[in-house]
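Sharing a structure below in structure tokens format, with a few things to ask.
The values are calculated or read from the model by the stated rules, or taken from the named source; none is laboratory data. Bear in mind the structure is a predicted one, so any value in this text is a computation, not a measurement. We place every Cβ from the backbone using ideal geometry, glycine too, and count neighbours over all the protein chains shown. With ligands, DNA and RNA removed, areas are computed over all heavy atoms of the protein, side chains included. Shrake-Rupley method; radii C 1.70, N 1.55, O 1.52, S 1.80 Å.
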Amino acid sequence: MEHILEVKNLTKQFGDFTAVDNISFSVKEGEIVGLLGPNGAGKTTTIDMLLGLTTPTLGTINVFGLPFEEHRVKILKQMNFSAAYVNLPWRLKVWENLHIFGRLYEVEEYKQKIDTLITEFRLTALKDAITDTLSSGQLTSLYLCKAFINDPRLLLLDEPTAFLDPDVADLIRKYIKKKVKTDNMSVLFTSHNMAEVTEICDRVIFLNRGNIIAEDTPTGLAKRVKFCRVLLLFDVQRTKAVTLLKNYQYTFSFDEKEVQVDTEEENVGQLLGRLSLARLKYSQITIEKPTLEDFFLHAMRGRYEYT
Amino acid sequence: MSTHRIAAIILRHLYIWPRSPERFMWTFGWPFFGLLIWGLAISFLQSSSSSTFSFITVIIGAIIFWEIVVQPQREVSINFIDELWNKNILNLFASPLTKTEYLTALVVIGIIKMFATALSLTIGSMVLYNFNIFSSFGPLIPIFFINLLLFGISLGFIVNGLILRYGLSMQEIAWAIVVIVQPFSCVLYPLSFIPPWAQKIAIVLPTTYVFEEMRRFMFESNVISTNLVFALLLNTVYLVFSIWFFSIMFEKAREYGRLVKLT
């Protein structure tokens, strides 16, 4: 697959503060890459540099094989973006906003394209509505219509489903996946919804304090967490179970009925054996494998926190 | 340059014009009230004076001409600020739109609004005061208009550059700059009437030459054409400087991350 986006040694410094520190990564054609990290990790600064809104201090950005600064117009005609912190003019009608961006991106047959998009994003009835009157979910749908208006080859989405109800968020994820499949579109995607990233992204780049600290598939990152979670439901003998877990120095938390134990996957058998030897009977057991969220927490805290 | 992208920005601002009361007032309302109040005041003074000189021609003419500075400056600046208020500026500059196309579109909107205001004031002055700017200044109107328009555009670009540098805390200057420049432009009084220190400022403003020649034409029925050419040269300098200033401030805003923080 061809590299659509290639970032090499990208650095952004604001005075003494380094927001993005010498990062390199690429996005292939037809690939959805998640850019994850805590607040202040450098995700938005990276996206701003990829859009030409902020100038890099060091490093190169090549999009579609072309250096960004020298070919800005040609590149941006084939890119688009949507972000939770960017709006559209609120006193314009829905179709007027899309009409303007259709012309800005020099979309041929833009009227037809607008009709298709507002149908796909369930905004047909709101075509003549003033943007200010839309709900936050409808607004996000409108911003995504704008983001898809030029059928971008590379789409940058900064928390695109932040204000959407699960139904519309699902619609949008399906739409993105469909566009990737049918048009070979590439997507760089930031979100704080780990389940969404796991569902949609082929690969995840994990940023912290401006550095890439991990890069893998969502499952691959989750597997890096060696702990799994064992949930045990005790109808009686909970206190005895807690004492046992304390004695063996397990990491665990508990409430009135349930005990949650975090242990390495290979030690689950040993845990269950110890419970059995102590004649402790649980009415229900669930073993949860680590998720991307666990990786996120693990990477951020360097450890799990328990009560 | 893409005419599609220029047209897109022009349309964006023309769409909201009819449904935006404050913009309607800026184009038609406030200039008309200015004409009305000044016209009535001057008519009263004229009726109380024994002079046969038509004050109303000089004052009303100056008021209409001054709007040729105000409208493009305000449109160039307010339409830029409007993108910041709407948090839309990043959408625009993350699109293929270039700085040149954006500034060109702002100028075209400024010219459209300027003509709308000039036309409404011309009709108003004819109806209210029997004053016709075309018959009073005839062939001088194009050179007056071009000089005043260019100066208004330059002021607008400078204001936009200041906003890029200092953020929306500078937005008041978008309304204030013409008020600051007006006293030094000798709109309603001759250059010789203002203090010497103020004259030093006035002589570097192209507007001063336009209004001086406007009055010369009224009093002496002729103009010193070299003054108007000099005003044009000054305007060229101001325009080149203002475009350079905006461009530098834009690039600095990208470098320091201010562009993304403006919203």
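Taking chain B as the reference, fit the longest principal axis to its C-alpha atoms, fit the long axis of helix B:225-255 to the helix C-alpha atoms, and give the angle between the two in degrees, 0 to 90, nearest 10.
For helix B:225-255, the angle is close to 20 degrees.
Rounding to the nearest 20 debye, state how big the charge dipole of chain A is about its Cα centre with +1 on each Lys and Arg Cβ and -1 on each Asp and Glu Cβ. Mind showing how you got there, number by number?
Values: 38 positive and 41 negative charges, 101 e Å.
With only Lys, Arg, Asp and Glu charged at Cβ, the dipole is about 480 debye.
A further question follows. Among B:F151, A:N97, A:V259, pick out the residue whose Cα is farthest towards the positive end of the charge dipole of the protein assembly as shown, where Lys and Arg carry +1 and Asp and Glu carry -1 on C-beta, about the Cα centre.
Highest projection toward the positive end goes to A:V259.
By what distance, in whole Å, do the Cα atoms of the stretch B:35-96 stretch along each of the three principal axes, largest value first?
64, 18, 9
Assuming 0.36 nm per residue, please report the length gained on full extension of the stretch A:S253 to A:D183 beyond their Cα-Cα distance.
Full extension from A:S253 to A:D183 adds 20.4 nm.
So for the stretch A:226-289, taking the charge dipole from beta-carbon charges (+1 Lys/Arg, -1 Asp/Glu), which of A:G269, A:Y282, A:Q237 sits furthest toward the positive end?
Going by the charge dipole, the pick is A:Q237.
Treating the angle as unsigned and between 0 and 90°, give the value, to the nearest 10°, between the Cα long axis of helix B:30-48 and the longest Cα principal axis of chain B.
Value to nearest ten degrees: 10.
Same structure, new question: Keeping every protein chain in place, order B:K261, A:K113 by accessible area at 1.4 Å, biggest value first, i.e. largest first.
Numbers: B:K261 145, A:K113 35 Å².
My answer, sorted largest first, is B:K261, A:K113.
Gaussian network model of chain B, Cα springs within a sub-10 Å range: biggest mean-square fluctuation belongs to which of B:L121, B:L84, B:L45?
Most flexible of the set in this elastic network: B:L45.
How many Cβ atoms of partner chains, on average, are near each residue of A:88-96 if near means within 10 Å of its Cβ?
Shielding by partners across A:88-96 averages 5.
Please give the FRET efficiency for B:W244 paired with B:F33, using the beta carbon to beta carbon distance and R0 = 35 Å, rounded to the nearest 0.05.
It comes to 0.45.
Could you work out, residue by residue across B:82-94, how many beta carbons of other chains sit within 10 Å of that residue's beta carbon, and then give the average as an integer?
6
Same structure, new question: Run the dipole for chain B about the Cα centre, Lys and Arg Cβ at +1, Asp and Glu Cβ at -1, nothing else charged, and hand back the magnitude in debye, nearest 20.
In total the dipole reaches around 560 debye.
Rounded to the nearest 500, what is the 222 nm mean residue ellipticity of chain A from helices alone, with -39500 (n - 2.57) per DSSP H run of 4+ residues and division by all residues?
Calculated at 222 nm, the ellipticity per residue is -10500 deg cm²/dmol.
Now for a different question. How large is the accessible surface of A:T217 in square angstrom, using a 1.4 angstrom probe and rounding to the nearest 10?
Surface accessible to solvent at A:T217 totals approximately 60 Å².
Continuing with this model, one more query. Keeping the other protein chains in place, figure out the carbon and sulfur percent of the accessible area of the stretch A:182-283, with a 1.4 Å probe.
It is 45 percent, rounded to a whole number.
Report relative contact order for chain B in percent, whole number only (criteria: Cα-Cα under 8 Å, sequence separation at least 6). The partial results should precede the final answer.
On the way: 298 pairs, mean separation 63.0, N = 263.
Here the relative contact order equals 24 percent.
Moving on. Rounded to the nearest 5, what % of DSSP beta bridges with both residues in the protein assembly as shown are antiparallel? Mind showing how you got there, number by number?
Details: 37 of 54 bridges.
DSSP beta bridges in the protein assembly as shown are roughly 70 percent antiparallel.
Then there's this: Please compute the contact order of the stretch A:226-289 in relative form: average sequence separation of alpha-carbon pairs under 8 Å and at least six residues apart, divided by the residue count, as a percent. Working shown, then result.
Values: 92 pairs, mean separation 34.9, N = 64.
RCO, the stretch A:226-289: 55 percent.
By the gyration tensor of its Cα atoms, with a ≥ b ≥ c the square roots of the eigenvalues, what is the shape of the stretch A:3-217: rounded for a/c under 1.5, prolate for a/b over b/c, or oblate?
Prolate, since a/c reaches 1.5 and a/b exceeds b/c.
What is chain A's relative contact order, in percent, from Cα pairs under 8 angstrom and six or more apart in sequence?
Relative contact order here is 20 percent.
Right, here's the next one. Please sort A:183-192, B:61-70 by packing, taking for each peptide the average over its residues of neighbouring beta carbons within 10 angstrom, highest first.
B:61-70, A:183-192
Determine the shape class of the stretch A:178-307: with a ≥ b ≥ c the square roots of the Cα gyration tensor eigenvalues, call it rounded for a/c under 1.5, and otherwise prolate if a/b is greater than b/c, oblate otherwise.
prolate
Residue farthest toward the positive end of the dipole of the stretch B:1-87, with Cβ of Lys/Arg at +1 and Asp/Glu at -1: which of B:G39, B:S77, B:T57?
B:S77
Once fully extended, how much extra length lies between A:Y175 and A:H192, figured as 0.36 nm per residue of separation less the alpha-carbon to alpha-carbon distance?
Gain on extension, A:Y175 to A:H192, equals 4.2 nm.
Only Lys, Arg, Asp and Glu count, each charged at its Cβ (+1, +1, -1, -1), so figure out the dipole size of the protein assembly as shown about its Cα centre, rounded to 20 debye.
Taking the Cα centre of the protein assembly as shown as origin, the dipole is about 320 debye.
Between B:F24 and B:L119, what is 0.36 nm times their sequence separation minus the Cα-Cα distance? Round to one decimal in nm.
Full extension of this stretch gives 32.8 nm more.
Rounded, prolate or oblate: pick one for the protein assembly as shown, where a ≥ b ≥ c are the square roots of the eigenvalues of its C-alpha gyration tensor, a/c under 1.5 means rounded, and failing that, prolate if a/b is larger than b/c, else oblate.
Judged from the Cα gyration tensor, the protein assembly as shown comes out prolate (a/c at least 1.5, a/b above b/c).
Quick one: go through the stretch A:222-238 and flag any residue whose amide nitrogen is under 15 Å from the point 7 Å out along the Cα-to-Cβ line of A:L272.
A:228-233
Same structure, new question: Taking only Cα atoms, what is the 0 to 90° angle, nearest 10, from helix A:238-247's long axis to the longest principal axis of chain A?
For helix A:238-247, the angle is close to 90 degrees.
Considering only DSSP beta bridges whose two residues both sit in the stretch A:3-217, what percent are antiparallel, to the nearest 5?
Of all bridge pairs located within the stretch A:3-217, approximately 55 percent are antiparallel.
Compare A:N39, A:N87, A:N247 in a GNM of chain A, Cα atoms joined below 10 Å, and give the one with the largest fluctuation.
Looking only at A:N39, A:N87, A:N247, the biggest GNM fluctuation is shown by A:N247.
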